[in-house]
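Trainee: Structure in structure tokens, see below.
The values are calculated or read from the model by the stated rules, or taken from the named source; none is laboratory data. What you see is a predicted model, and the numbers here were worked out from it, not measured in a lab. With ideal geometry, Cβ positions are generated from the backbone for all residues, glycine too; neighbour counts draw on all protein chains shown. Areas reflect the complete protein model, heavy atoms only, side chains present, ligands, DNA and RNA absent. Shrake-Rupley method; radii C 1.70, N 1.55, O 1.52, S 1.80 Å.
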Amino acid sequence: MTPLERRIREEIRRDGPISVERYTALCLFDPDYGYYTTRQPFGVEGDFTTSPEISQMFGEMLAAWWVSARQTMNLPDLALVELGPGRGTLMQDMLRTISKLDNGALPDAHLVEASPSLTLVQKEKLKGDDARISWHASPENLPACPLGIVANELFDAIPTAQFVKTEQGWIERTVRIGLADQLEFGIGASRLNERNLPFGHAAQPPGQIYEQAPERLKILKVLAHQIKRHKGFALVIDYGHADSGFGNTLQAVKRQKYAGAFDSPGEADLTSHVDFASLASIARAEGLCVQETMYQGDFLKGCGIEARAQMLKSGAAASTADTIDSALHRLTDASQMGSLFKVLCIKSAPVDLPPLKIPH
Ligand code: SAH
């Protein structure tokens, strides 16, 4: 039993079953034993690999897009902001590319990171960069200036609540201690108002799961509010669905393999798919413009990743060319990250930021 499981069991014995949202929050962010507070999960040897860790081309494409969006929106003082920067790789690749495109000039950079240990990793990684970089524990502390925000695989790591369809309505799913003294899912007391459910809920079978992540919406609302006030945009990239729907997407991953949600609390990553429609609707309610959610593969190709791969391959050794080809395939192919991963862009002005378009 992991030390965190002992702590979770104590809490359940003391207070009763906990929500799935609370369970996930403890697994990821318990100050002593949480996955993100104690570990460095990314990279080829880590538990999972993210796009910036797969290839520098990912950050290069985002940087090229960011520079062109800044120009289209006419925001010369745009600050570069990243939420959930992991090992700092994306920020490093973006700063290098922006500086190349801007003849050596660098924007002010702001990193929003909840994990103190990952903040140290990012500080170490970005030590040699000349940019003025500040760290913040919450997006509420971002400066009052135009913001060009990127967030890759942040929202999937923000805990979600789950609700189960029963004869009494949609009831919150909990984590409890079962008869054989194991952690297991149960059903609690809190009921979801049906007005908050997507279309088609009445036709769902008993036992169906609906996921709702108030913390994600709260973060998006803070970002949207600041963008509305000070201008700018946010580019959110993650795995998930463009339309709200039903189903259980909670998944644990340990050393690149799927694991059970209760196998090793605190030692596995625990995430769920992002409901992009719910994020978009919060942005719209705040008065922002929302571009049509795109597949990551289409977005990266629209930014020119294939031409960039060709350029990097020319003159490179055969083994390097193979690595570039396989990274390109992984980032863009529909069988890999190309279509499961989506790109959402919200912004303060109704302009197209190609390859993203305003829905007509
Ligand atoms: N963007 C990185 C890492 C993704 S993992 C990459 O693509 O490689 C998720 C990151 O979000 C981690 O750095 C984690 O510590 C951070 N994070 C999770 N919840 C957060 C929150 N509420 N506020 C800020 N950062 C958070």
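Trainee: From the list GLU306, GLU267, which residue is open to solvent by 50 Å² or more (accessible area, probe 1.4 Å) and closer than 22 Å to GLY59 by Cβ?
Mentor: Exactly one residue qualifies, and that residue is GLU306.
Trainee: Any chance you could count how many residues in segment 71-95 are touching a strand residue (DSSP E or B) at 6+ places or on another chain (Cβ under 8 Å), assigned to a helix (DSSP H, G or I) and more than 15 Å from the ligand (Cβ to nearest atom)?
Mentor: The number of residues fulfilling the criteria is 1.
So that you can scan it fast, the table gives a plain yes or no per residue for (1) farther than 21 Å from SER281 by Cα; (2) in contact (Cβ under 8 Å) with a residue 60 or more places away in the chain; (3) not in a strand (DSSP E or B):
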| residue | (1), (2), (3) |
| --- | --- |
| GLU140 | no, yes, yes |
| CYS145 | yes, yes, yes |
| GLY148 | no, yes, no |
| ILE171 | yes, no, no |
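Trainee: Can you pull out the residues in segment 14-63 that are in contact with a helix residue (DSSP H, G or I) (Cβ under 7 Å, 6 or more places away or on another chain), open to solvent by 10 Å² or more (accessible area, probe 1.4 Å), near the ligand (Cβ under 10 Å from one of its atoms) and assigned to a helix (DSSP H, G or I)?
Mentor: Passing the criteria: PHE29, TYR36, THR37, PRO52, GLU53, ILE54.
Trainee: Quick one: which residue in CYS345, CYS289 is touching a Lys or Arg at 6+ places or on another chain (Cβ under 6 Å) and not basic (Lys, Arg)?
Mentor: CYS289
Trainee: Here's a follow-up. Condition (residue is modelled with pLDDT under 95, open to solvent by less than 30 Å² (accessible area, probe 1.4 Å) and not small (Gly, Ala, Ser)) applied to segment 129-137: is it met by at least one residue?
Mentor: no
Trainee: A follow-up question, please. Filter segment 286-295 for residues that are open to solvent by less than 60 Å² (accessible area, probe 1.4 Å) and out of contact with any Ser or Thr (no Cβ under 7 Å at 6 or more places or on another chain) and give the result.
Mentor: Those that are open to solvent by less than 60 Å² (accessible area, probe 1.4 Å) and out of contact with any Ser or Thr (no Cβ under 7 Å at 6 or more places or on another chain): GLU286, GLY287, CYS289, VAL290, GLN291, THR293, MET294.
Trainee: Please go through segment 178-199 and give me each residue that is of a type in the set (D, E, K, R), farther than 17 Å from GLU5 by Cβ and not in a strand (DSSP E or B), ordered by number.
Mentor: GLU194, ARG195
Trainee: Now a separate question. Pick from segment 67-90 the residues that are over 20 Å from ILE219 (Cα atoms) and within 18 Å of the chain's Cα centre (by Cα): which of them is surrounded by the most Cβ atoms within 10 Å (Cβ to Cβ)?
Mentor: Only one residue fits best here, namely LEU90.
Trainee: Follow-up question, since we're still on this one. Taking only pairs six or more apart or across chains, which ones have beta-carbon atoms under 6 Å, a first residue in segment 234-257 that is under 16 Å from GLY46 (Cα atoms), and a second residue that is part of a strand (DSSP E or B) and open to solvent by 20 Å² or more (accessible area, probe 1.4 Å)?
Mentor: If the second residue must be part of a strand (DSSP E or B) and open to solvent by 20 Å² or more (accessible area, probe 1.4 Å), the pairs left are ALA252/ALA259; VAL253/PHE48.
Trainee: A further question follows. Quickly run through segment 213-240 and pick out the residues that are in contact with a helix residue (DSSP H, G or I) (Cβ under 7 Å, 6 or more places away or on another chain) and either modelled with pLDDT under 95 or not in a strand (DSSP E or B) (or both).
Mentor: ARG216, LEU217, ILE219, LEU220, LYS221, VAL222, LEU223, ALA224, listed by residue number.
Trainee: Here's a check for you: in segment 138-181, which residue that is among the small types (Gly, Ala, Ser) and open to solvent by 50 Å² or more (accessible area, probe 1.4 Å) is nearest to TYR35 (Cα to Cα)?
Mentor: ALA180
Trainee: Could you list, in sequence order, the residues of segment 220-253 that are over 18 Å from the mean Cα position of the chain (by Cα) and open to solvent by less than 50 Å² (accessible area, probe 1.4 Å)?
Mentor: The answer is GLN226, ILE227, HIS230, GLY232, GLY245, GLY247.
Trainee: Quick check: anything in segment 160-180 within 16 Å of the ligand (Cβ to nearest atom), closer than 21 Å to PRO265 by Cβ and within 22 Å of the chain's Cα centre (by Cα)?
Mentor: For segment 160-180, residues within 16 Å of the ligand (Cβ to nearest atom), closer than 21 Å to PRO265 by Cβ and within 22 Å of the chain's Cα centre (by Cα): present.
Trainee: Quick one: how many residues across segment 103-128 are assigned to a helix (DSSP H, G or I) and open to solvent by 50 Å² or more (accessible area, probe 1.4 Å)?
Mentor: Result for segment 103-128: 5.
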